[in-house]
Amino acid sequence: MATPAIRMFRKIEGLFCVYKPAGIHWKLVRGSIETSLLKGLNATPSQPLPTEVRFLALPVSEAEAPKGLILSAASVPVLSKHPLVTGPEFQNLKVGVGHRLDASSSGVLVLAVGNGNKALNNFDNARVTRDYTLEGEFGTATDDFSHTGRIVERSTYGHITKDKLERVLAMLQGANQKALLLYSNVDMRSQEAYEMAVQGLLGPDGKSLPILTGLRCIHFEPPNFTLEVQCINETQKYLRKVVHEIGLELRSTAVCRGVRRTRDGPFTLQDALTRDHWAASDVIQAIGKKRSSKKKSKTQTKDSPLQPSEESTTVNQINQ
């Protein structure tokens, strides 16, 4: 018979996501999650101790002592099974981490518990895109492309306009769209390519170089600007380098002041648990909510016909 702790553990097995603050290593986030989940599991009510029959000596008077020892059968708890003897029921817990975020980045971080680690491996191998918000600043170049690095150059930025920035972004996005189709290893004139594009499955076959599938400016107030990026196989260092290269294309310099992941596949900021909600009960609720939404999306997909996506439009344009 499963104990309350084991029943709770089965509920937290799965995928969920948390919000990783900037300035904290992902290993510390995972350690905090593990500690919080272990605390919740071991705080569940323990089962009653098993009992065993023992023969106990009954107290006798001095007059009856010469007659011999008097024993009586009694049911007593097995103290060797007591939690103070055996220790906590769960002493370690395996929490897997999806696509990492470096210490200076923030945003959605996908985690897995128990059997959810198998799903996490499949999730990492899938062709999922991730969304980021990049905060940039013109006029400075550093050795690591971030605002905290060693300054190696300063430049002017008064000549930069939003139109010029958007032209550079369009050029970068076009180059990356060609790379996306190149690494997909699919004939763009085939029916297979069209069907994959309609379903949003068109992407690099296996590991490839980082690819930007979307790039646009959502805020422009020189020297500061904000970019929204969709990408595959990226690293945060690569994204900072993209901001640096944008500055060079505009005949200036730029550094990245912040990297925030807003989506990792189906997990968004709305799904991410903040630091105050890393308890076992919150994780159970998040996993249950994600499972129910996944079932609803599958039902809607079966009931509705496929609609052409943006990627299918791209395929048609290139074929023409």
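Some notes on this structure:
- Each residue of segment 151-161 was assigned a 3J(HN,Hα) from its phi angle through the Karplus expression (A = 6.51, B = -1.76, C = 1.60, θ = phi - 60°), giving 6, 10, 6, 10, 8, 7, 9, x, 7, 7, 10 Hz with x at Gly and Pro.
- To the nearest 10, the accessible area of Ile284 is 40 Å² with a 1.4 Å probe.
- Most to least accessible of Ser72, Ser106 (protein chains only, probe 1.4 Å): Ser72, Ser106
- Carbon and sulfur %, accessible surface of segment 13-108 computed with the full protein complex present, 1.4 Å: 60
- Accessible surface comparison of Lys290, Lys27, Lys94, probe 1.4 Å, protein chains only, largest first: the order is Lys94, Lys27, Lys290.
- The amide H of Gly107, built 1.01 Å from its N in the peptide plane, has Lys20, Arg261 as neighbours under 5 Å, considering only residues 5 or more places off or on other chains.
- Other residues whose C-beta falls under 12 angstrom from the C-beta of Ile160 contribute a net charge of -1, scoring Lys and Arg +1 and Asp and Glu -1.
- Note on surface exposure: His277, His244 rank His277, His244 by accessible area, highest first, 1.4 Å probe.
- Pairs from the list Lys81/Lys118; Lys94/Lys290; Lys27/Lys237; Lys11/Lys296; Lys178/Lys290 with a Cα-Cα gap above 28 Å: Lys81/Lys118; Lys178/Lys290.
- Segment 96-159 and segment 1-61: distance between their alpha carbon centers, rounded to Å: 34
- Summed side-chain charge close to Glu34 - residues other than Glu34 whose Cβ falls under 11 Å, Lys, Arg +1, Asp, Glu -1: +4
- Taking amide H as placed 1.01 Å from N in the peptide plane, Ser146 has its amide H under 5 Å from the amide H of Cys256, each at least 5 places away in sequence or on another chain.
The values are calculated or read from the model by the stated rules, or taken from the named source; none is laboratory data. Bear in mind that the values here come from a model prediction, so they are computed numbers and not experimental data. Every residue, glycine among them, receives a Cβ derived from its backbone with ideal geometry; neighbour counts consider all protein chains shown. When the accessible area is computed, the model is the full protein with side chains, heavy atoms only, and any ligands, DNA or RNA have been set aside. Shrake-Rupley method; radii C 1.70, N 1.55, O 1.52, S 1.80 Å.
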